[in-house]
1. Looking at region 109-158 only, could you name the residues that are assigned to a strand (DSSP E or B), more than 16 Å from ligand 1 (Cβ to nearest atom) and in contact with a strand residue (DSSP E or B) (Cβ under 8 Å, 6 or more places away or on another chain)?
2. Looking at 191, 240, 209 in this structure, which one is free of Cβ contacts under 8 Å to residues at least 60 places away in the same chain and buried (at least 21 other Cβ atoms within 10 Å of the Cβ)?
3. Which residues, counting only those in region 204-242, are closer than 25 Å to residue 15 by Cβ, more than 13 Å from the chain's Cα centre (by Cα) and assigned to a loop (DSSP other than H, G, I, E, B)?
4. May I ask you to list the residues in region 80-108 that are in a loop (DSSP other than H, G, I, E, B) and hydrophobic (A, V, I, L, M, F, W, C)?
5. Limited to region 60-79, what total is found for residues that are assigned to a strand (DSSP E or B) and in contact with an Asp or Glu (Cβ under 8 Å, 6 or more places away or on another chain)?
6. Which pairs have Cβ atoms under 6 Å, sit 6 or more apart or on different chains, and link a residue in region 94-117 that is within 23 Å of residue 139 (Cβ to Cβ) to one that is among the acidic types (Asp, Glu) and within 14 Å of ligand 2 (Cβ to nearest atom)?
7. State all residues of region 243-252 that are more than 11 Å from residue 173 (Cβ to Cβ) and surrounded by fewer than 19 Cβ atoms within 10 Å (Cβ to Cβ); if no residue qualifies, say none.
8. For region 47-84, which residues satisfy the criterion of being away from ligand 1 (no atom under 15 Å from the Cβ) and buried (at least 17 other Cβ atoms within 10 Å of the Cβ)?
Amino acid sequence: EGSRWGYKQTVYGPTDWGLAAPLCTGQFQSPIDIITSSAQTNSSHNGLALTFDNTDGAISGSLTNNGHAPTVTLDKTKGGVTLAGGPLGQTTFSLEQFHFHFGCESNVGSEHTVDGNSYASEMHLVFYNTLYESFQEAASKSDGLSVIGVFLQVNGGFNEWLENIALSLTNVKFPSGGSYSPGGSIPLATLVPDLVSKNAPYYTYKGSLTTPPCYESVQWIVLKNPISVTKSQLEIMRSLSATSGNSLCNNFRPVNALNGRKLYKWPG
Ligand code: B30
Ligand code: ZN
């Protein structure tokens, strides 16, 4: 969308992002390697508190291929999702969109790594602080965003709900090919059961958008427990085209240094 950045170092790869987006060279960038032994506890943190307007935990939205990640943008007129608790306290955040990062092969794909290990994919649920009027307004503010990262792992079994999203992806093979509204709703709470658990373990730290413009505005909440994806579901994601015309796969940024930031875990 308007910019030519990508993930392959041959054309505006991650180490060149700073040329067009200076914030990408900042000291508080994401993703990071989560070194579990260095995660501390913070007695003011609690369990996550997600609220779904729809009692069945479903959402509706439109699916797009923006050239860097398959993205579902919420249609809030059909029911929103709010996030509070965890490291956020009483401040409420509203779900704007979710999208996926994934590898061309299953040994890589996640943006965050855990003790140096990658997962095959990482889903990002992007929330904005409701003190601001919109996602766009919140995105550059230091307290503007919170993103929940959920790892996807192959071989945990078939995920029926992810299948519905995967099959819909065939309608958005090419970037900017418009949006597609999957028939019916997406049962997000069923897809990621830990979103509705009062005691889902997570890691949290202050970081950034993982793509240009790399705003350092994100309270990251990375769930410890992965969900399941099948190889064929990943293969559908890999069949999408990037802006470059190549496959969208390997759309993950390399990890960045913590640079003195604190990494917390919950529970202790
Ligand atoms: S992430 O969760 O840190 N990977 C954006 C949101 C979340 C993350 C990264 C970026 C974002 O909203 N970026 C700016 C808006 N984008 C729109 C988009 O949906 O994808 C515009 C753009 O690049 O120029 Cu792409
Ligand atoms: Zn992302």
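What follows draws every value from the coordinates through simple rules; no lab data is involved. As the structure is a prediction and not an experimental result, all values here were calculated from the model. Cβ coordinates were reconstructed from backbone atoms using ideal geometry, including for glycine residues, and neighbour counts include every protein chain displayed.
1. 114, 153, 154 - these are the residues of region 109-158 that are assigned to a strand (DSSP E or B), more than 16 Å from ligand 1 (Cβ to nearest atom) and in contact with a strand residue (DSSP E or B) (Cβ under 8 Å, 6 or more places away or on another chain).
2. 191
3. If the condition is that a residue be closer than 25 Å to residue 15 by Cβ, more than 13 Å from the chain's Cα centre (by Cα) and assigned to a loop (DSSP other than H, G, I, E, B), then 212, 213, 214, 215, 216, 217, 240, 242 are the ones that fit.
4. 88, 104, 108 - these are the residues of region 80-108 that are in a loop (DSSP other than H, G, I, E, B) and hydrophobic (A, V, I, L, M, F, W, C).
5. Residues that pass the stated criteria total 4.
6. If the second residue must be among the acidic types (Asp, Glu) and within 14 Å of ligand 2 (Cβ to nearest atom), the pairs left are 101/111; 101/122; 110/122; 111/122.
7. Selection gives 244, 245, 246, 250.
8. Within region 47-84, 48, 50, 52, 57, 58, 59, 60, 79, 80, 81, 84 qualify.
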